[in-house]
Amino acid sequence: MTKPTILISIDTNAETEAEAFGRAFIQSLCDEDKRLVPEWLSTTESYKNPFLGIDDFVANWWAMPVKTLVDGKAFSEDFHGPAWKRKSSLASRGMINHGIVDIKYHKHLAGLWFECRWIKDVDFNHLFDGWVQLSHPEMGMLHVFTEPELHWQDYEVDSWFRTGSFGGPAKPGLPNIGWAMAYGEGYAGEVDAARIRAAGFPVDELDGVTVVRVTDKLNDVVDDFERFSARRAELKTLFRPDLFWIKEEPTQRPL
């Protein structure tokens with residue numbers, strides 16, 4: 001049986017390449033629990049460079065400038081971010097993709113991504129809330145994937161959800177509802193917070209971002225998936241029908 005896995009995924013318009021952002025981000029990860037501190041860093045997934053502390057990470061890894069050339073001329077200066085991994089104690093990995101401007105002058109959102117083996121005594125909800133307040137996301141998700149959701153029926157759609165990818169302008173809508181979803185300015189019209197709260201779902205407003213949770217505790221996904229699944233199905237009825245691509249719960253899908 002596959003072990004449960006935590007996933008945090010955030011898309012944001014924030015200037016993530018800023019030193020202050022990088023320091024606040026990695027500080028929050030290291031302060032949350034010593035078992036989350038990165039061990040190895042990479043830009044190519046070779047992971048040969050040790051994590052030497054917050055100062056080194058921010059100065060030498062967080063935002064590496066890269067010039068984009070068009071017809072031999074400098075078009076823009078973007079930034080590459082690192083990937084990190086932890087192999088011992090509590091296995092985890094993460095990465096940052098800083099926002100870029102393409103040759104058609106379209107701004108692409110920055111992405112924060114973190115995956116970790118599930119453990120009940122780490123407050124992943126607190127970590128997620130901190131990153132939401134830091135990044136003011138366009139969209140964010142915190143979920144723990146357990147056995148029922150690790151058997152994909154529709155590879156394309158399920159893989160979007162499982163990897164924490166969101167639709168955006170090129171593919172309107174969202175794959176599914178995770179245990180906690182952070183809806184930013186672009187999704188404000190999709191969320192009827194009063195109606196959702198009246199139906200008994202936890203709703204918080206964090207600096208203009210609406211965070212909706214399916215149940216009170218993240219543990220519920222692991223301890224009682226059937227209850228979580230039923231509540232998620234109910235929550236989905238409080239949004240417009242075509243917003244989420246996955247319509248059925250795992251227990252409702254044909255084998």
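The values are calculated or read from the model by the stated rules, or taken from the named source; none is laboratory data. Bear in mind that the values here come from a model prediction, so they are computed numbers and not experimental data. Virtual Cβ from ideal backbone geometry, glycine too; neighbours counted across all protein chains shown. Surface areas here come from the heavy atoms of the whole protein model, side chains and all, with no ligands, DNA or RNA. Shrake-Rupley method; radii C 1.70, N 1.55, O 1.52, S 1.80 Å.
Extension gain for A170 to E190 (0.36 nm times residue separation, less C-alpha to C-alpha distance): 5.4 nm. Each distinct pair of alpha carbons in region 142-255 adds a 1/r term; the inverse of their mean, the Kirkwood radius, is 14.6 Å. Subtracting the Cα-Cα distance of A20 and N60 from 0.36 nm times their residue separation leaves 13.0 nm of extension gain.
Extending 7 Å from the Cα toward the beta-carbon at both T2 and L243 defines two label points whose distance is 2.7 nm. Largest first, the residues T163, T251 sort by 1.4 Å accessible area into T251, T163. In the elastic network of the chain, a GNM with C-alpha springs shorter than 10 Å, the most mobile of V209, V58, V101 is V101. The alpha-carbon positions of region 171-215 define a convex hull whose volume is 74 Å³ per residue.
What separates the Cα centres of region 182-255 and region 1-62 is a distance of 28 Å. Just the protein heavy atoms count here, and of the accessible area of the chain at 1.4 Å, carbon and sulfur take up 51 percent.
Among R23, R35, R86, the order of accessible area from largest down is R23, R35, R86, computed with a 1.4 Å probe on protein heavy atoms. Each residue was assigned an accessible area with a 1.4 Å probe, and for H106 the value is about 100 Å². Placing dummy labels 7 Å off each Cα toward the beta-carbon, the span from R35 to H151 is 2.8 nm. Candidate cross-link partners of K171 among the aspartates and glutamates, defined by an alpha-carbon separation under 19 Å and a same-chain spacing of 8 or more, comprise D11, D102, E138, D154, E156, D158, E185, E190, D242. Full extension of the chain segment joining K217 with K48 gains 57.1 nm, where the gain is 0.36 nm per residue of separation less the Cα-Cα distance.
A simple spin-label model places pseudo-atoms 7 Å from Cα toward Cβ; at S159 and N125 they are separated by 3.3 nm. If you bin all the Cα-Cα distances of region 1-150 at 10 Å, starting from zero, the percentages per bin are 11, 39, 34, 13, 3, 0. Each Cα pair under 8 Å and six or more residues apart adds its separation to the average, and for the chain the resulting relative contact order is 20 percent. Within the chain, the proportion of C-alpha pairs whose separation exceeds 24 Å stands at 49%.
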